[in-house]
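Novice: Sharing a structure with you now.
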Amino acid sequence: QWDELMRYGTTSAGQGICPPAWHVPSEGEWQALLGAVVSWATPPDGVAGAYLKDLNLPGGFHSVQGGLLYLDHHWSFNSGDFTGSMYWTSTASGTERAGARGVNAINFSTSRYSGSRANAFSSRCVKD
């Protein structure tokens, strides 16, 4: 859940649970990642998901669609043709929501989502 990920802080690009010298990426850093992965597309959001889940491309991201837990009680997108993953950003959206990015098995896009902080989504750390 987002509050645990961020160790109950709200600083965008804060360390959260990441190791020293690393941090949870902000919404802006996610957008920069997408732009770097798909520099030829503007905006990159519509096609970058295909590259983020391609295990044969260099870059080290390699999204695995493992599903997500909504509001700490409902697993979704964890099997079959519609598997997907959501990744938290460190960017808060008010007091009860935060920004996330979604990648799924059948679509090339990377959706932007403002999710309840009670959702259990995946996270990535970025080196400072």
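The values are calculated or read from the model by the stated rules, or taken from the named source; none is laboratory data. If you're wondering where the values come from, they're calculated on a predicted model, not measured in any experiment. Each accessible area value is taken on the protein alone, full model and side chains, heavy atoms only, with ligands, DNA and RNA left out. Shrake-Rupley method; radii C 1.70, N 1.55, O 1.52, S 1.80 Å.
Novice: What is the percent carbon and sulfur in the accessible area of the chain, measuring with a 1.4 Å probe over the protein chains and ignoring ligands?
Specialist: Here it works out to 57 percent.
Novice: Accessible area of F82, 1.4 Å probe, to the nearest 10 Å²?
Specialist: Result for F82: roughly 130 Å² accessible.
Novice: Per residue, how much accessible area does region 32-128 show when a 1.4 Å probe rolls over the protein heavy atoms, in square angstrom?
Specialist: 55
Novice: How much length, in nm to one decimal, is gained on full extension between R7 and K127, taken as 0.36 nm per residue of separation minus their Cα-Cα distance?
Specialist: 41.4 nm
Novice: Largest first, how would H62, H23 line up by accessible area (1.4 Å probe)?
Specialist: H62, H23
Novice: Ordering S111, S76 from largest to smallest accessible area (1.4 angstrom probe), what's the sequence?
Specialist: Per-residue accessible area, sorted high to low, gives S111, S76.
Novice: Another question, then. Translational diffusion coefficient, Stokes-Einstein: compute it for the chain using the Kirkwood radius over C-alpha pairs as Rh, at 10 °C and 1.306 mPa s, and state it as an integer in µm² s⁻¹.
Specialist: For these conditions, the coefficient is 108 µm²/s.
Novice: If you don't mind, another one. Between S111 and E96, what length in nm is gained on full extension when 0.36 nm per residue of separation is reduced by their alpha carbon distance?
Specialist: The span from S111 to E96 would gain 3.4 nm if fully extended.
Novice: Same structure again: Hey, in the GNM for the chain with a 10 angstrom Cα cutoff, which one of T42, T83, T11 fluctuates hardest?
Specialist: T42
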